[in-house]
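**Q** Input: one structure, supplied below.
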Amino acid sequence: MGDDIEELVSIIDRVDREGLLPSEGAIGCDPIGVGQILDVLAMHGIDNNDKKRIVGVSQGWMLGRAIKTLERHLADGSFVHGAQPLMAWNVGNAKVEQRANGILITKQASGTAKIDALMATFNATDLMSLDPSNNRSIYTGERGLLVLGGNQGPAGLPASNSALSWNGDEDTF
C-alpha cells in the first residue's frame with residue numbers, strides 16, 4: 001500500500017472519529033481503481049458494506065452535471081474559490097472539450113498536467129447536489145471560517161469570479 005492511500009485513509013478516519021462523516025454519501029470517488037482504498041478503510045473500521053457511505057461518482061460526460069452545478073454556484077457567489085495556488089494550478093491545467101450538447105474535462109485532454117484537486121471538487125459537488133438539505137459544514141460556530149484578504153481572489157478579482165486560470169507565476173498569489 002502506498003503512502004498516499006494511508007494518508008487519505010488517516011484523514012477519513014479522523015473525520016469519522018469527529019462524527020463528521022455521514023453514513024450515506026460521505027465519500028465520492030472515481031469508481032475505477034478504488035479497491036485498495038476500500039480495503040484500507042475497512043482495516044480502519046470504516047466499512048462500505050451497504051455501498052452507501054463511499055459512492056462512485058461517474059466520470060466523463062456524466063460529470064457534466066457537477067461541472068455545471070459548480071459553475072452556477074461560482075457565478076452566484078454561493079461557492080467561493082479559496083485562491084489556493086494548488087487549485088488554481090489544477091484549474092489552469094484543465095482542458096474542456098465540447099461533446100454534442102455536453103462538456104468533458106478529461107485526463108486525455110489535459111495531457112500529463114494534474115487536475116486531481118479539481119476532479120475531487122467535482123466529485124464532492126456531485127454528492128452534495130444529491131441531497132443539499134443534508135449538507136453540513138465542518139466550520140462550526142466555535143471553529144469559524146478564516147477568510148484572508150476580504151472578498152478578493154487572485155490578482156484582485158472578486159473571490160467568486162469563475163476565471164480561475166493561473167499562469168504559474170507565484171507572485172500572483
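The values are calculated or read from the model by the stated rules, or taken from the named source; none is laboratory data. What you see is a predicted model; the values in this text were computed from it and never measured. When we count neighbours, we look across all protein chains shown, and the Cβ atoms used for this are built from the backbone with ideal geometry, even at glycine. Please note that ligands, DNA and RNA were not included when accessible areas were found on the heavy atoms of the full protein model with its side chains. Shrake-Rupley method; radii C 1.70, N 1.55, O 1.52, S 1.80 Å.
**Q** Can you check what the net charge comes to around Leu86, using other residues whose Cβ is under 11 Å from the Cβ of Leu86 (Lys, Arg +1; Asp, Glu -1)?
**A** Details: positive: Lys114; negative: Asp116.
Once all neighbours under 11 Å are counted, the net charge is 0.
**Q** Taking a probe of 1.4 Å, how large is the accessible area per residue of the stretch 39-126, in Å²?
**A** It amounts to 57 Å² per residue over the stretch 39-126.
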